[in-house]
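Colleague: Structure provided below as structure tokens; questions to follow.
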């Protein structure tokens, strides 16, 4: 993990596995005057499908939707997380005005009905106000959740205009991954968002070819015969369809806005070792490569994504697919590659699963500590916010008070080339009744998107206090609410660009 904090470690044996556990009590002292901060992705998924996280129900008035979302962001910020992953296209529909899909039914209760405002624009603005990255989450192929009737879709649904692009499987409709025009349509829909909105990343999860239904083949033989002639096996053709889509999306994003990241959160197992000696030592009943036709290794090795977040939704030591085994396997996959590895954490399973480990209050925190021992695991993404807010086994309270008690900067991606901004100018620091207010000059020619505020600690180092989004206008203002009126404080402020490359600091003292 990219950390600026030097830490010694304790070696413990847990469930037969040697773990390196950091001991804050044994941490080496920092050099005087050094900026003391951690870089760690801390993100949370906010699902809109079935109104899982937001909005809480269909048809809420716009003002209530906005207030709900603001509360969710405040919850995220209170946990010292630094990114939100918002599902904006759950079923080939949209949480924004789009040429490539109707308004989502999860907003108004009626697919195609205008909610009276632009939710995506609102959500991005509110996330950025709080210094949070906004990752726009797309489901590329899914059209319906529980039926296959085109007539039930809104009149302006693109699937009605192109029924030949659709394919039914089980009780759902999909865009057929094997039709090039359908692939282009999906890419164009993502390009629309990248062009028109100030997002930080495009995000996709584990929905590629649908989960297999026992005894029911996916009905794409005719499509294969039309478009897959150069492939001997239909499975290789299916994997190529997904690979082509992933490459197209990345190329399109980078051509439009090179600083916008592209990340995918696949199922937690690429291949089992029995099917491939380079696969993981697991016996999972489903895999990315063989069942979902998602060749995650290919995307990493071809540099078609900027981050990968495998959903390792099992406990440490779980025999069929162990968290510790898979975290190590994925770490080896990204070694030496310009791809960040974050881990998808199964908050939803805490105290709600037949595996006894999920009833142990320590399981979740052992997993995060295990992540932190790898130089290759750069953070976590938690599924989902409502599950954290349930506070099962006190997990939310412990995240706030222990695991995420201090804020963290987002890891840099040096392969997305941007120079660090020049150092900012602190215009003033003034004491108030409840803290100290810093005013930072906004240089219109600077590449700064954020400012990081550090405060001189009793150890003589500068402790990271907060990230603040650069405001429009001449100045950005932020408050350090922990400042004591009777003490003098020295602050350092750095500027960070969109990709969190950090400038040299400026310093100012208030007495």
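Colleague: Rounded to the nearest 0.05, what FRET efficiency do residue 99 and residue 441 give with R0 = 51 Å and r taken as the Cβ-Cβ distance? Could you check?
Modeller: For residue 99 and residue 441, the calculated efficiency is 0.80.
Colleague: Could you tell me how far the Cα centroid of the stretch 127-145 sits from the Cα centroid of the stretch 149-178, in Å?
Modeller: Between the Cα centres of the stretch 149-178 and the stretch 127-145 lies a distance of 22 Å.
Colleague: Assign one of three labels to the stretch 208-355, namely rounded, prolate or oblate, based on the Cα gyration tensor with a ≥ b ≥ c the square roots of its eigenvalues; rounded applies when a/c is under 1.5, prolate when it is not and a/b is larger than b/c, and oblate otherwise.
Modeller: oblate
Colleague: Okay, next question. Pairing the Cα long axis of helix 363-373 with the longest principal axis of the chain, what angle in degrees results, from 0 to 90 and rounded to the nearest 10?
Modeller: It is inclined by approximately 70 degrees.
Colleague: So for each of 61-70, 74-83 I average, over its residues, the number of other beta carbons within 10 Å; can you give me the resulting order with the highest mean first?
Modeller: Packing order, densest peptide first, comes out as 74-83, 61-70.
Colleague: I would also like to ask the following. Could the peptides 306-319, 190-203 be put in order, highest first, of the mean number of other beta-carbon atoms found within 10 Å of their residues?
Modeller: 306-319, 190-203
Colleague: Turning to a different aspect of this structure: Rank by packing, highest mean first: peptides 378-391, 274-287, 323-336, with packing defined as the count of other Cβ atoms within 10 Å averaged across residues.
Modeller: Highest to lowest by the protection proxy: 378-391, 323-336, 274-287.
Colleague: Turning to a different aspect of this structure: Does the stretch 342-430 classify as rounded, prolate or oblate by the C-alpha gyration tensor (a ≥ b ≥ c root eigenvalues; a/c under 1.5 gives rounded; else a/b over b/c gives prolate, otherwise oblate)?
Modeller: prolate
Colleague: With a cut-off of 8 Å between alpha carbons and a minimum separation of six or more residues, what is the relative contact order of the stretch 426-510 in percent?
Modeller: 35 percent.
Colleague: Put a dot 7 Å past each Cα toward the Cβ at residue 278 and residue 472; how far apart are the dots in nm?
Modeller: 5.0 nm
Colleague: Between residue 303 and residue 485, what is the spin-label point distance in nm, taking each point 7 Å from the Cα along the Cα→C-beta axis?
Modeller: 5.6 nm
Colleague: Quote the relative contact order of the stretch 222-357 in percent (integer), defining contacts as alpha-carbon pairs under 8 Å separated by 6+ residues.
Modeller: About 22 percent, as a whole number.
Colleague: Which percent of Cα pairs goes in each bin when the distances of the chain are cut into 10 angstrom slices starting at zero?
Modeller: Here the calculated profile for the chain is 4, 18, 28, 27, 16, 6, 2, 0.
Colleague: Taking a temperature of 4 °C and a viscosity of 1.567 mPa s, what whole-number D in µm²/s does Stokes-Einstein yield for the stretch 288-368 with Rh from Kirkwood over alpha carbon pairs?
Modeller: 94 µm²/s
Colleague: If you don't mind, another one. Just to be sure I understand: if I project the alpha-carbon convex hull of the stretch 426-510 onto a plane and average over all orientations, what area do I get in nm²?
Modeller: Directional mean of the projected Cα hull area for the stretch 426-510 stands at 5.4 nm².
Colleague: Turning to a different aspect of this structure: If you average the C-alpha positions of the stretch 289-364 and of the stretch 82-115 separately, how far apart do those two centres end up, in angstrom?
Modeller: 28 Å
Colleague: Please state the relative contact order of the chain as a whole percent: Cα pairs under 8 Å, 6+ residues apart?
Modeller: With pairs under 8 Å counted, the relative contact order is 15 percent.
The numbers here are math on the coordinates, done by the rules we state, and not lab data. Bear in mind the structure is a predicted one, so any value in this text is a computation, not a measurement. All Cβ positions, even for glycine, are placed from backbone atoms using ideal geometry, and neighbour counts span all protein chains on display.
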